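I have placed the structure first, in the form of structure tokens, so that the comments after it can refer back to it.
The values are calculated or read from the model by the stated rules, or taken from the named source; none is laboratory data. Quick caveat, the model's predicted, so the values are computed rather than measured. Reconstructed Cβ throughout: ideal geometry from the backbone, glycine too, with neighbour counts over all protein chains shown. What goes into the accessible areas is simple: the full protein's heavy atoms, side chains included, and nothing from ligands, DNA or RNA. Shrake-Rupley method; radii C 1.70, N 1.55, O 1.52, S 1.80 Å.
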Amino acid sequence: SAVISQKPSRDICQRGTSLTIQCQVDSQVTMMFWYRQQPGQSLTLIATANQGSEATYESGFVIDKFPISRPNLTFSTLTVSNMSPEDSSIYLCSARTGVETQYFGPGTRLLVL
Amino acid sequence: TQLLEQSPQFLSIQEGENLTVYCNSSSVFSSLQWYRQEPGEGPVLLVTVVTGGEVKKLKRLTFQFGDARKDSSLHITAAQPGDTGLYLCAGPAGGTSYGKLTFGQGTILTVHP
């Protein structure tokens, strides 16, 4: 298993600004992912954070809007850029440790005014 | 990408009742996971099933993986208010989506005291 922490846990931001979310894993992991979730709904994958190379984005998500860094095997950041109220959501980091199992962080609750 | 259909979407029951949540697909999965997410938290892994026909028990929760590995179910016996949350099934996305998970739509369970 893996213990994952995220910072900040929540934030209220003004439109047009950017927020960087940090994700820390307590052990080295092969793969890390970033998800978005509306309360009470399922998860939507934003991108796979690749160590030492550019992230791989899912359809509908672009690097200019959601730049991602992964400098090592335990840490990643997601930036939500030029925010609008539509970006208000829960952002979740996850790490793949087992063959086909992911563990999740507690999430970052973002409200954009 | 392989799809997972989860039902029901909402479940509201009284304490002490039993319930079953279903996760179905037309595709074969090498494994399926079940997660529970409580308000304000990230999804927490409950179980991974990997063998067709497998049954796993976690206290009052019983998980089954279909013989053909296309479906799974979660049965809760004598539900308690602490079981309230969002339940998600997930499995490997398949194809070229190495390492990624595909999620069901989720089941919001509310157990009333």
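The strands (runs of 3 or more DSSP E) found entirely in the stretch A:4-113 that carry 2 or more residues being farther than 24 Å from residue B:32 by Cβ are A:4-7, A:10-13, A:19-25, A:68-72, A:75-80, A:89-96, A:108-112.
Does residue A:106 satisfy the condition of being within 14 Å of chain B (Cβ to nearest Cβ), more than 10 Å from the chain's Cα centre (by Cα) and not hydrophobic (A, V, I, L, M, F, W, C)?
yes
Checked against the criterion of being among the charged types (D, E, K, R), open to solvent by less than 60 Å² (accessible area, probe 1.4 Å), without any contact (Cβ under 8 Å) to a residue 60 or more places away in the chain and away from chain B (no Cβ under 11 Å), the stretch A:67-76 contains one or more residues that satisfy it. Scanning the stretch B:95-113 for residues that are over 15 Å from the mean Cα position of the chain (by Cα) and at pLDDT below 95, we see that the one that is most open to solvent (accessible area, probe 1.4 Å) is B:98. Within the stretch B:24-48, the only residue that satisfies the criterion of being closer than 15 Å to residue B:84 by Cβ and among the small types (Gly, Ala, Ser) is B:40.
Being closer than 19 Å to residue A:36 by Cβ, open to solvent by less than 20 Å² (accessible area, probe 1.4 Å) and part of a strand (DSSP E or B) is true for just one of B:88, B:74. Which residue is that? First the steps, then the outcome.
On the way: B:74 fails: closer than 19 Å to residue A:36 by Cβ.
The conditions single out B:88.
Name the residue that is nearest to residue A:97 (Cα to Cα), counting only residues in the stretch B:28-57 that are touching a residue at least 60 places away in the same chain (Cβ under 8 Å), open to solvent by less than 30 Å² (accessible area, probe 1.4 Å) and not in a strand (DSSP E or B). The residue in question is B:31.
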